[in-house]
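Reviewing the structure listed below.
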Amino acid sequence: MLFRNCAGGVVFFDEKVLLLKNEKDEWVLPKGVIRNGNLSRDVALNRVKEEAGIEAEIVSSVGETCYEFFSISRQKPVCNEIIWYLMRALDEKCKLNDELEYKDIGFYHISEALDMITHNQDRSLVNLAYRKYKEVASQEIMV
């Protein structure tokens, strides 16, 4: 089995979260493999920028997930361990990167997004991240 360390972002703009539709028609979050000694936070920010054209800032870490799948191209099982960061987008104008295999992209209201997200782990992560995002936002208003 191939083990890969990855990093990704749960990106919010107001009451909306960023989702991408991959080549398998799955609604997912932006993420990428950590390579060459890069920091997980830098990988997460870079993937959000590369996959969605979004400038974002990290608010906090939000958790980790792990999943396994069989890679047809590698002809072996793969285990992705992903460190997730809660992020705030500077605006909601996103742009699909034509070089990547994504079919659609956008910011979706949290209630709609939770119904759209394909994988239960991602749905739970977004739900947790949204609660944390609202908590941080309310603390900023008080300051």
Just to be sure I understand, how many residues within segment 129-142 are in contact with a Leu (Cβ under 9 Å, 6 or more places away or on another chain) and either more than 19 Å from V48 (Cα to Cα) or free of Cβ contacts under 8 Å to residues at least 12 places away in the same chain (or both)? 2
Checked segment 33-50 for anything touching a strand residue (DSSP E or B) at 6+ places or on another chain (Cβ under 8 Å) and either of a type in the set (A, V, I, L, M) or at pLDDT below 95 (or both); matches are V33, I34, V43, A44, L45, V48
Among what's in segment 8-26 and is in contact with an Asp or Glu (Cβ under 8 Å, 6 or more places away or on another chain) and at pLDDT 95 or above, pick the residue that is farthest from H119 (Cα to Cα). F13
In segment 11-65, residue nearest to E92 (Cα to Cα) [restricted to those that are among the β-branched types (V, I, T) and out of contact with any helix residue (DSSP H, G or I) (no Cβ under 8 Å at 6 or more places or on another chain)]: V48
For segment 83-134, which positions are over 18 Å from F12 (Cα atoms) and either in a strand (DSSP E or B) or of a type in the set (F, W, Y) (or both)? Y102
So which pairs qualify, if the first residue must be in segment 87-102 and within 20 Å of K24 (Cβ to Cβ), the second must be among the hydroxyl-bearing types (S, T, Y), the Cβ gap must be under 8 Å, and the two must be at least 6 apart or on different chains? L96/Y102
Report yes if I83 is within 13 Å of the chain's Cα centre (by Cα) and closer than 25 Å to K134 by Cβ, otherwise no. yes
Complete set of residues in segment 58-86 that are in contact (Cβ under 8 Å) with a residue 60 or more places away in the chain and either over 29 Å from M1 (Cβ atoms) or acidic (D, E) (or both): V59, S60, E68, E81, L86
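Quick check on my filter: what residues within segment 13-30 are under 12 Å from the mean Cα position of the chain (by Cα) and either over 22 Å from S111 (Cα atoms) or aromatic (F, W, Y) (or both)? Even if it seems obvious, please write down each step before you answer.
Of all residues in segment 13-30, those under 12 Å from the mean Cα position of the chain (by Cα) come to 17-21, 27-30.
Result: W27, single match.
Is there a residue in segment 128-140 that is closer than 24 Å to C66 by Cα, among the aliphatic types (A, V, I, L, M) and surrounded by 13 or more Cβ atoms within 10 Å (Cβ to Cβ)?
In the first step, residues of segment 128-140 are kept if they are closer than 24 Å to C66 by Cα; the result is 128-133.
Still in the running and among the aliphatic types (A, V, I, L, M): 128-129.
Adding the requirement that they be surrounded by 13 or more Cβ atoms within 10 Å (Cβ to Cβ) leaves 128-129.
Yes - at least one qualifying residue is present in segment 128-140.
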Just checking, which of Y133, Y102, Y85 is farther than 19 Å from K21 by Cα and touching a Lys or Arg at 6+ places or on another chain (Cβ under 7 Å)? Y85
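The values are calculated or read from the model by the stated rules, or taken from the named source; none is laboratory data. It should be emphasised that the depicted structure is a prediction, and the values quoted were computed from it without experimental measurement. Every residue, glycine as well, gets a Cβ built from its backbone with ideal geometry; the counts of neighbours run over all protein chains shown.
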